[in-house]
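The values are calculated or read from the model by the stated rules, or taken from the named source; none is laboratory data. Just so you know, these numbers come straight off a predicted model, no measurement behind them. Glycine also receives a Cβ, built like all others from the backbone with ideal geometry; neighbour counts cover every protein chain displayed.
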Amino acid sequence: MIYVGGVPFSTGSDDSSSSQGNDILMALMEHPALVSASSSFSAVQERKFSLSNDSHLVRTRQIKWVYIFQKEYATVDPSLVDLVGTDEATTCVGLIVRNPKSGMISVAHMDSPRIVEVGLTQMLSSVLDQNSDTILDVHLIGGFNDVSHQHENGVTESHEKLEGYSFPLCSKIVEILGKSINKFNIQTLHVLGYNTRQDSEGNPYPIFNGFLVETATGSIFPASFDGTTRCPDELVRRIRVTASFEDPSCKGRLLETYDTQSDKFVIAPCAWTKRQVHIALSLQNLSDSEILHMCSTSPFAEAPDFVDNQRRQWEYVLEHPDWRETFPSKQPRIFERTADGSWVRHPVRPRGSTFVYAK
């Protein structure tokens, strides 16, 4: 059930067809409270989160944070984590669910309508408490106008020929929230038209590609990250996102990476196939423009390091065609937080042998 401003929200329609999510989304996009909240969010200066020595912004390692990539989610305890966030979202949408009583926060980087229903269940597993009357705070940030013939508020005039990726994803999220027996108070809906601007050539792209959440207060800020803060195990986690599309066990699910109770990252084994190695070999010599158009849902909206990140993944897969080199004995890659807030790889013990460190 959806609430806005603590009040139950209804579109006034009993339609149970597949267009229900579209109707809910269109009505929410016009709600005065959410229009105002989105306008306020747009006016907030983006925070550049970095630990580089030459950064004049956030660079202290005393801050404990959790970063999630595309298709990942993490639930964090505010007593263990100060910040949680994501970026690199173009047509993807960040979903934040917070229990205002316990302070527990779950964040997901959703990239497809197919993972929304099970993904929300995964997120709620560590956020819900015994009190079924708890109204959970919800924020949706991301996606942009990658569809044609929109109204000013970023939705289309007709449901018949929806194009692009952002609208169907946003529609599915609010549809599942609306159908749930749990209560969700939507506080931020900074998506679609509210998160769109144009470059000098008229190409649309997102105003913000990411955000961070201050866990102590639940405050949300637009944010971007860099290589020093997209960690731990940045490259393997990127590859796991791609490899998961051919893994039946990952179908319709968000990827789990962070263990809430132990404050550790546990990267479960993932196998890249010979087909994926062949694809990496065939793509590595493409031009930057070709890579953007073949590998992105929004080639005009990607960050400057998108192509480089793609190339680094392919190079790794070609250097390690056997995934078991990365996951010896098919064991997960575990990272523990150190006293200064950084991450260290935990040793793995192959079955029947002494401790060794993976490469």
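In the list Val97, Val118, which residue meets the criterion of being at pLDDT 95 or above, aliphatic (A, V, I, L, M) and surrounded by fewer than 15 Cβ atoms within 10 Å (Cβ to Cβ)? Before the answer, list the steps.
On the way: Val97 fails: surrounded by fewer than 15 Cβ atoms within 10 Å (Cβ to Cβ).
Val118 is the lone residue from the list that is at pLDDT 95 or above, aliphatic (A, V, I, L, M) and surrounded by fewer than 15 Cβ atoms within 10 Å (Cβ to Cβ).
For a quick check of your reading of the model, give me the residue pairs whose first member lies in region 323-341 and is hydrophobic (A, V, I, L, M, F, W, C), whose second is in a loop (DSSP other than H, G, I, E, B), with beta-carbon atoms closer than 6 Å and at least 6 apart or on different chains.
Trp323/Ala271; Trp323/Trp272; Phe327/Pro269; Ile334/His346; Phe335/Pro232
Let me spell it out: the conditions are (1) out of contact with any Asp or Glu (no Cβ under 7 Å at 6 or more places or on another chain); (2) surrounded by fewer than 14 Cβ atoms within 10 Å (Cβ to Cβ); (3) more than 30 Å from Gln198 (Cα to Cα), and Met294 meets all of them except one. Which number is the exception?
Evaluating Met294 over (1) out of contact with any Asp or Glu (no Cβ under 7 Å at 6 or more places or on another chain); (2) surrounded by fewer than 14 Cβ atoms within 10 Å (Cβ to Cβ); (3) more than 30 Å from Gln198 (Cα to Cα) leaves (3) as the failure.
Can you spot a residue in region 250-262 that is buried (at least 18 other Cβ atoms within 10 Å of the Cβ), aromatic (Phe, Trp, Tyr) and farther than 26 Å from Ser298 by Cα?
Within region 250-262, one or more residues are buried (at least 18 other Cβ atoms within 10 Å of the Cβ), aromatic (Phe, Trp, Tyr) and farther than 26 Å from Ser298 by Cα.
Can you name every residue in region 75-94 that is over 27 Å from Val307 (Cβ atoms) and crowded, with 17+ Cβ neighbours inside 10 Å?
Of region 75-94, the ones over 27 Å from Val307 (Cβ atoms) are 75-84.
Scanning region 75-94 gives Thr75, Val76, Pro78, Val81, Asp82, Leu83, Val84.
One residue is enough: does region 343-357 have a residue meeting the conditions over 26 Å from the mean Cα position of the chain (by Cα) and either at pLDDT 95 or above or surrounded by 16 or more Cβ atoms within 10 Å (Cβ to Cβ) (or both)?
yes
Yes or no: Phe167 without any contact (Cβ under 8 Å) to a residue 12 or more places away in the chain, out of contact with any Lys or Arg (no Cβ under 8 Å at 6 or more places or on another chain) and in a helix (DSSP H, G or I)?
Values: without any contact (Cβ under 8 Å) to a residue 12 or more places away in the chain: no; out of contact with any Lys or Arg (no Cβ under 8 Å at 6 or more places or on another chain): yes; in a helix (DSSP H, G or I): yes.
In short, no.
Condition check ((1) surrounded by 14 or more Cβ atoms within 10 Å (Cβ to Cβ); (2) in a helix (DSSP H, G or I); (3) in contact with a helix residue (DSSP H, G or I) (Cβ under 6 Å, 6 or more places away or on another chain); (4) at pLDDT below 95) across all residues:
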{"site": "Phe265", "(1), (2), (3), (4)": "yes, no, no, no"}
{"site": "Pro269", "(1), (2), (3), (4)": "yes, no, yes, yes"}
{"site": "Pro299", "(1), (2), (3), (4)": "yes, no, yes, yes"}
{"site": "Ala303", "(1), (2), (3), (4)": "yes, no, no, yes"}
{"site": "Ser329", "(1), (2), (3), (4)": "yes, yes, no, yes"}
{"site": "Phe335", "(1), (2), (3), (4)": "yes, no, no, no"}
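Which pairs do you get when a residue that is more than 16 Å from Ile24 (Cβ to Cβ) and without any contact (Cβ under 8 Å) to a residue 24 or more places away in the chain, found in region 181-207, comes within reach of a residue that is part of a loop (DSSP other than H, G, I, E, B) and among the aliphatic types (A, V, I, L, M), reach meaning Cβ atoms under 7 angstrom, with the pair 6+ apart or on two chains?
Arg197/Ile207
Pull up region 223-243, narrow it to residues that are in a loop (DSSP other than H, G, I, E, B) and of a type in the set (S, T, N, Q), then point me to the one that is surrounded by the fewest Cβ atoms within 10 Å (Cβ to Cβ). Quick ask: steps written out before the conclusion?
Applying the first criterion (in a loop (DSSP other than H, G, I, E, B)) to region 223-243 yields 226-233.
So of that shortlist, the ones also of a type in the set (S, T, N, Q) come out as 228-229.
Details: Thr228: 16, Thr229: 24.
If we take residues in region 223-243 being in a loop (DSSP other than H, G, I, E, B) and of a type in the set (S, T, N, Q), then Thr228 is surrounded by the fewest Cβ atoms within 10 Å (Cβ to Cβ).
Being in contact with a Phe, Trp or Tyr (Cβ under 9 Å, 6 or more places away or on another chain), surrounded by 15 or more Cβ atoms within 10 Å (Cβ to Cβ) and more than 28 Å from Leu83 (Cβ to Cβ), is that true of even one residue in region 200-217?
yes
Counting just the residues of region 121-148 that are surrounded by 15 or more Cβ atoms within 10 Å (Cβ to Cβ) and charged (D, E, K, R), which one comes out farthest from Leu34 (Cα to Cα)?
Residues of region 121-148 that are surrounded by 15 or more Cβ atoms within 10 Å (Cβ to Cβ), as a first pass: 122-124, 126-128, 134-147.
From the residues that got through so far, the ones that are charged (D, E, K, R) too are 137, 146.
On the way: Asp137: 13, Asp146: 21 Å.
This residue is Asp146.
Restricting the first residue to region 250-262 and requiring it to be over 11 Å from Val118 (Cα atoms) and of a type in the set (Phe, Trp, Tyr), which pairs with a second residue that is at pLDDT 95 or above and outside any loop (DSSP other than H, G, I, E, B) meet a Cβ separation below 8 Å and a spacing of at least six or different chains?
Every condition considered, the pairs that remain are Tyr258/Val66; Tyr258/Ala74; Tyr258/Thr75; Tyr258/Val76; Tyr258/Lys264; Tyr258/Phe265; Tyr258/Val266.
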